[in-house]
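What follows is a set of notes on a single structure, which appears directly below.
The values are calculated or read from the model by the stated rules, or taken from the named source; none is laboratory data. Since the model is a prediction, treat every value here as computed from it, not as a measurement. Here the Cβ positions follow ideal geometry from the backbone for every residue, glycine too, while neighbour counts run over all protein chains shown. To get the accessible areas, we keep the full protein, side chains included, count just its heavy atoms, and leave off ligands, DNA and RNA. Shrake-Rupley method; radii C 1.70, N 1.55, O 1.52, S 1.80 Å.
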Amino acid sequence: MSKPKLKWAEKGEAEDFDAAVKYLSLLCPETEAAALVASLRHWKLAEHAAKDLLRAARLPLLPSDESHVSEDLKRIQKAKALAPVLLVRGDIATGLPLIVADGYHRICAVCYFDESAPIPCRIADIVIPSRRA
């Protein structure tokens, strides 16, 4: 039996954007989180290898039997489309890692499928105010 091909939806679901706002509002004020996610809606999709996303975010690979990862692995095996992941770009100068606003489980599932597989993502840039002494 041949390996299924990864399928990706062209747009994220409204619930993915809502989840991203909820997550980001734990890291910054809700108005900033909403503005970041609003900007994500307008960015074109970019592709990055699954393993690179985990490394840039400094996140561990979740176990394949974790419920959401397992669910996404089943979607992959059934050739069902996955939603693109939603990210906030890190900052190498300050040591801020990439933030996975939505799609961590999808990234992990794709790593089990093929860690080098490209994942469509939308990446927002965060503006970090310069600090003056």
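For segment 75-94: of the residues being over 20 Å from TYR23 (Cα atoms) and either hydroxyl-bearing (Ser, Thr, Tyr) or open to solvent by less than 50 Å² (accessible area, probe 1.4 Å) (or both), which is modelled with the lowest pLDDT? Result: THR94. Please go through segment 42-74 and pick out each residue that is among the small types (Gly, Ala, Ser) and either open to solvent by 80 Å² or more (accessible area, probe 1.4 Å) or under 22 Å from GLU13 (Cβ atoms) (or both). ALA46, ALA50, ALA57, SER67, SER70 - these are the residues of segment 42-74 that are among the small types (Gly, Ala, Ser) and either open to solvent by 80 Å² or more (accessible area, probe 1.4 Å) or under 22 Å from GLU13 (Cβ atoms) (or both). When segment 12-57 is filtered for residues that are more than 16 Å from PRO118 (Cα to Cα) and assigned to a loop (DSSP other than H, G, I, E, B), the ones remaining, listed by number, are GLY12, GLU13, SER25, LEU26, LEU27, CYS28, PRO29, ARG41, HIS42, TRP43. Contact map, segment 1-24: residues that are acidic (Asp, Glu) paired with residues that are part of a loop (DSSP other than H, G, I, E, B), Cβ distance under 6 Å, separation 6+ or inter-chain. Pairs shown: GLU13/ALA83; ASP16/ALA83. If the condition is being assigned to a loop (DSSP other than H, G, I, E, B) and open to solvent by 50 Å² or more (accessible area, probe 1.4 Å), then segment 99-122 contributes GLU115, SER116.
Residues in segment 22-41 that are closer than 20 Å to HIS105 by Cβ, in contact with a strand residue (DSSP E or B) (Cβ under 8 Å, 6 or more places away or on another chain) and open to solvent by 30 Å² or more (accessible area, probe 1.4 Å): 2 in all.
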